[in-house]
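To start, the structure under review is shown below, and the notes come after it.
Derivation of every value follows stated rules applied to the coordinates shown; laboratory data play no part. None of the values given here were measured: they were computed from a predicted structure.
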């Protein structure tokens with residue numbers, strides 16, 4: 001499927017984009033990978049790090065549809081990772097999240113249709129489920145945009161989404177922050193000890209996108225089943241690994257945070273396929289015939305429960321350590 005094809009990665013200089021690019025260069029015989037982002041400094045760093053003529057860099061912003069059209073010319077497939085992801089930033093500047101996460105996705109879809117792109121996989125987040133913050137709300141609407149275009153079938157473009165939780169040691173995640181506090185002898189600041197989060201490494205996020213690329217149908221949302229742990233156990237594991245005596249300081253939950261995150265609602269699971277390591281949430285095929293919303297329903301929905309970070313497999317301290325040591329930035333410390 002990849003042979004002699006061109007792929008564009010939006011937000012390609014981020015943690016996922018870099019990992020996906022390295023994966024594609026090793027595993028496929030693509031003719032070209034295009035990195036689309038607005039950060040020229042990160043593009044220059046990535047260009048020097050990779051030094052591969054199959055990787056081309058396009059400076060632009062998904063808010064600007066003309067810059068997208070230029071980058072998409074001749075492209076076959078797109079991995080859409082560009083987004084505003086920091087919860088506090090989106091809370092303070094919600095309209096900026098709207099412009100990037102919602103309108104930027106609409107720009108990408110429209111530009112891809114006019115450019116003849118065959119397939120888009122959009123990256124979403126567990127925060128899009130029961131969203132309580134602006135970031136999650138805008139990512140949820142990103143999913144709806146993808147499904148709306150799939151439902152309306154205005155072109156041959158196939159769009160699907162993947163949804164995952166915390167990516168360990170990605171930019172802005174708590175693990176590098178905790179390690180920095182430990183190494184500098186500072187107190188480790190946690191919001192709420194009992195808070196749970198899904199745990200996934202970057203290569204697993206790449207595997208999920210690969211799986212969606214090969215198996216998703218238009219409008220699908222693919223989810224990889226993932227373990228979780230409490231923030232308290234994560235910190236205890238890190239302290240043990242670094243033989244640290246750092247104190248734990250509880251600062252309380254911040255605005256826009258939830259105690260547990262949800263990867264799939266019970267309503268979604270009632271319309272999903274269990275694929276072993278993955279769930280495939282199928283697009284709601286109901287059209288604008290309103291009777292299907294008000295006069296009929298699905299009796300099976302009551303037999304499901306949400307799939308969230310409190311009822312998935314909970315990692316114990318040793319399991320957390322094993323998982324952490326699989327992260328190159330952490331394993332090199334030992």
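See the values below:
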item	result
Full-stretch length increase - residue 274, residue 329 - with 0.36 nm per residue and alpha-carbon distance subtracted	16.5 nm
Binned Cα-Cα distances of the range 126-240, short to long, each 5 Å bin given as a whole percent	2, 10, 16, 18, 18, 13, 9, 6, 4, 2, 1, 0
Calculated log₁₀ intensity ratio I(q)/I(0) where the Debye formula runs over C-alpha points of the range 58-106, q = 0.20, 0.22 Å⁻¹	-0.70, -0.80
The chain: equivalent-ellipsoid semi-axes (sqrt of 5 x gyration tensor eigenvalues, Cα, Å)	32, 27, 18
Relative contact order of the range 16-118, pairs being alpha-carbon contacts under 8 Å that are 6 or more residues apart, as %	27
Euclidean distance between Cα centres, the range 219-251 to the range 1-62, Å	30
Calculated SAXS-style log₁₀ I(q)/I(0) at q = 0.23 Å⁻¹ - the range 4-111, Debye, Cα scatterers	-1.27
Whole-number percent relative contact order across the range 1-46, with pairs defined as alpha carbons under 8 Å at least 6 apart	51
Selected from 35, 182, 120 as most flexible by GNM, with the chain as the system and alpha-carbon contacts under 10 Å	182
The range 165-291 shape via C-alpha gyration tensor axes, a/c threshold 1.5	prolate
Most mobile listed residue (47, 254, 151) in the chain, GNM with C-alpha springs under 10 Å	254
DSSP bridge orientation in the chain - percent antiparallel, rounded to nearest 5	25
Among 178, 79, 304, residue whose mean-square fluctuation peaks in a GNM of the chain (springs only between Cα atoms under 10 Å)	304
Beta bridge orientation in the range 1-134: antiparallel %, DSSP, nearest 5	0
Contact order normalised by residue count of the chain, Cα under 8 Å, 6+ apart, percent	15
